[in-house]
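**Student:** My structure is below; once you've seen it, I'll send some questions.
Bear in mind these aren't lab numbers, they're just calculated from the coordinates by the rules spelled out. Keep in mind the model is a prediction, meaning the values are calculated, not measured. Note: ideal-geometry Cβ built from the backbone for every residue, glycine included; neighbour counts use all protein chains shown.
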Amino acid sequence: MATLQQVDIGPQYLDEKEEEILKKIKARKQELGDKLLILGHHYQQEATFQFADMTGDSLKLAKYAAASRDKQYIVFCGVHFMAESADILTTDKQTVVLPDLRAGCPMADMADIEGVKWSWSELDKILDSNTIIPVTYVNSSAKIKAFVGEKGGSVCTSSNAERVLTWALEKGEKVFFFPDEHLGRNSAFALGIPDDEVVLWERGKLLGGNTEDQLKKAKVILWNGYCSVHMQFTEEHVRMWRQKDPEIKVIVHPECRFEVVRAADKYGSTEVIINTVSESPTGSHWAVGTEINLVNRLHKRHPDKEVHSLSPFQCLCSTMYRIKPAYLLWVLDNLAEGHVVNQITVDSETAKLAKIALDRMLEI
Ligand code: 13P
Ligand code: SF4
């Protein structure tokens, strides 16, 4: 996998007025026509999001990428792991571009391939690793997905984690789940797995900080990764809203802590959050525990409802925020002039194995 560095796009883009940039993006989009598909994740800032041809949560965007065989260029307004998945799911003739290479996902980086392989070999010392099914959240590198594909496991997203976990536990005796502790714990609880059969694997510690007996008893072993954006929501915020507004309904993303998800009225992927608020009756009151750009968009789109952020602080995904209109214009200008910049490519061996894990998820 090439590790490219974001180049300085220069004052021509960075000092230009946003109004001008937006006009130019519109013109470039028209010029590139049917060759181009812009995919936009729900956490994108509005100025960029408005140019997306398709928008969605991670699962929906992966499906759109897989179904876009007629598009030569896929510009992914999201984060690095999403663009990697798109590259894996598209053909060699298609090009996937991430407008700013610094748009990574810190949670995905918490599961590095060396650490995961070392942990697997630790587990193998006391358990038969053939009975363990690895499941990785889509927020992970292509290398981790390839490892999971090779070991008979699957990818999952926040909208199908419970289904994938059920599949994995039918296939094996235990699941090793990376990298998000909270999505894993919330999904295991929803399936009725008792607390003492869910253990935390602390990165870098012998046996992940567990005893042999704990690991032998466990059904689900959770990597201790987390999303710092969703960790900002607390049970206290839920209590505060309920006291302030008896009509409030609380909806959160499953990357939130267990206590927050338990205290909420509902939880789900970004797509589930949008659909739930959109379909609720006029006059509904919502406190939403997810990234602020999505909450602000819901607030604007539903003036007939009250939509607030669950937290009084701005819970911004600063890496998603890197996809600014200036960077989008820079990649489109280059594509229109026949240059590909910021291409995301996964080497063929990694892509082949990672695709097995992604395809399993799409089948489950
Ligand atoms: P969704 O799949 O729910 O869109 O979540 C992606 C993500 O990164 C949440 O932090
Ligand atoms: Fe990663 Fe969290 Fe940002 Fe989602 S919100 S992309 S999990 S850092």
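**Student:** Excluding Y13 itself, calculate the net charge of residues whose Cβ lies under 13 Å from the Cβ of Y13, where each Lys or Arg counts +1 and each Asp or Glu counts -1. Please report the intermediate quantities before stating the final value.
**Tutor:** Details: positive: K17, K24, R28, K324; negative: D8, D15, E16, E18, E20, D100, D333.
Residues close to Y13 contribute a combined charge of -3.
**Student:** For a quick check: sort D124, D87, D180, D15 by the number of other beta carbons within 10 angstrom, fewest at the front. Each step should come with its number before you reach the end.
**Tutor:** Numbers: D124 12, D87 25, D180 30, D15 8.
Going from least to most buried by this count: D15, D124, D87, D180.
**Student:** Counting other beta carbons within 10 Å of each residue's own, what order do K145, K217, K93 fall into, fewest first?
**Tutor:** Taking fewest neighbouring Cβ atoms as first place, the list is K93, K217, K145.
**Student:** Treating only the Cα positions of the range 42-189 as identical point scatterers, give the base-10 log of I(q)/I(0) from the Debye formula at each q in 0.18 Å⁻¹.
**Tutor:** Scattering profile of the range 42-189, log10 relative to I(0): -1.08.
**Student:** Let's see if you can work this out: charge +1 on each Lys and Arg Cβ, -1 on each Asp and Glu Cβ, no other charges. What is the dipole magnitude of the chain about its Cα centre, in debye to the nearest 20?
**Tutor:** Dipole size: approximately 420 debye.
**Student:** To the nearest 20 Debye, how big is the dipole of the range 74-184 about its Cα centre, given +1 on the beta carbon of each Lys and Arg and -1 on that of each Asp and Glu?
**Tutor:** Computed about the Cα centre, the dipole is about 180 debye.
**Student:** What's the local net charge at E46, with K and R +1, D and E -1, over the other residues with C-beta under 9 Å away?
**Tutor:** Once all neighbours under 9 Å are counted, the net charge is +2.
**Student:** If contacts are Cα pairs under 8 angstrom and at least 6 residues apart, what is the relative contact order of the chain in percent?
**Tutor:** It rounds to 23 percent for the chain.
**Student:** Ranking D100, D34, D347 by Cβ neighbours within 10 Å, fewest first, what do you get?
**Tutor:** Going from least to most buried by this count: D34, D347, D100.
**Student:** Each residue of the range 170-180 in turn: what ³J(HN,Hα) in whole Hz from Karplus with 6.51, -1.76, 1.60 and θ = phi - 60°, glycine and Pro shown as x?
**Tutor:** So the J values, rounded to whole Hz, are 7, 7, x, 8, 9, 10, 9, 10, 10, x, 9.
**Student:** Can you give me the Cα centroid spacing of the range 46-91 and the range 102-166 in angstrom?
**Tutor:** 22
**Student:** With springs only between Cα atoms under 10 Å, which of Q45, Q232, Q243 fluctuates most in a Gaussian network model of the chain?
**Tutor:** Top of the fluctuation ranking is Q243.
**Student:** Still on this structure, please answer the following. Return the subset of K145/K324; K24/K300; K26/K71; K63/K219; K151/K355; K60/K352 for which the Cα-Cα distance in this structure is over 23 Å, preserving the input order.
**Tutor:** Flagged as over cut-off: K145/K324; K24/K300; K63/K219.
**Student:** Another question about this same structure. Count the DSSP beta bridges whose two residues both fall in the chain, then state the antiparallel fraction as a percent rounded to the nearest 5.
**Tutor:** Once the DSSP bridges in the chain are tallied, antiparallel ones form about 5 percent.
**Student:** Counting only the backbone N, which residues of the range 317-342 are under 15 Å from the spot 7 Å out from the Cα of D8 toward its beta-carbon?
**Tutor:** The answer is none.
**Student:** How large is the convex hull of the Cα atoms of the chain per residue, expressed in Å³ as a whole number?
**Tutor:** Values: hull volume 51.0 nm³, N = 364.
Per-residue hull volume (Cα only) is 140 Å³.
**Student:** While we're on this one: So if each residue of separation counts as 0.36 nm, and I subtract the Cα-Cα distance between T91 and E236, what length gain in nm does that give?
**Tutor:** That pair, T91 and E236, stretches by 47.5 nm at full extension.
**Student:** Right, something else. Using only the alpha-carbon atoms, what does the range 17-101 span along each of its principal axes? Please give whole angstrom values in decreasing order.
**Tutor:** The Cα atoms of the range 17-101 stretch 36, 26, 21 Å along their principal axes.
**Student:** Projecting each Cα onto the charge dipole of the chain (Lys/Arg +1, Asp/Glu -1 at the beta carbon, about the Cα centre), which of H299, A357, A188 comes out farthest on the positive side?
**Tutor:** Sorting the options by dipole projection puts first H299.
**Student:** Follow-up. Provide the gained length on full extension for the span D347 to N275, in nm with one decimal, where the gain is 0.36 nm per separating residue minus the Cα-Cα distance. Don't skip to the end; give the middle numbers.
**Tutor:** Numbers: separation 72, 0.36 × 72 = 25.92 nm, distance 3.65 nm.
Gain on stretching D347 to N275: 22.3 nm.
**Student:** Around A111, with a cut-off of 12 angstrom between Cβ atoms, what is the net charge of the other residues, counting Lys and Arg +1 and Asp and Glu -1?
**Tutor:** Neighbour charge sum, excluding A111 itself: -1.
**Student:** Let me ask another. Could you work out how far the C-alpha centroid of the range 215-241 sits from that of the range 297-364, in angstrom?
**Tutor:** When both Cα centres are located, 23 Å separates them.
**Student:** Rounded, prolate or oblate for the range 222-330? Axes are the square roots of the Cα gyration tensor eigenvalues, ordered a ≥ b ≥ c, and the cut-off for rounded is a/c under 1.5. Show your work: numbers first, answer last.
**Tutor:** Working: a/c = 1.95, a/b = 1.20, b/c = 1.63.
Here the range 222-330 falls in the oblate category.
**Student:** Which far-off residues, 5 or more places away or on another chain, put their amide H under 5 Å from the one on V96, with H placed in the peptide plane?
**Tutor:** It is I74, I344, by chain and number.
**Student:** What nm distance separates the two modelled labels at I113 and A336, each placed 7 Å from Cα along Cα→Cβ?
**Tutor:** Between I113 and A336, the label points sit 3.8 nm apart.
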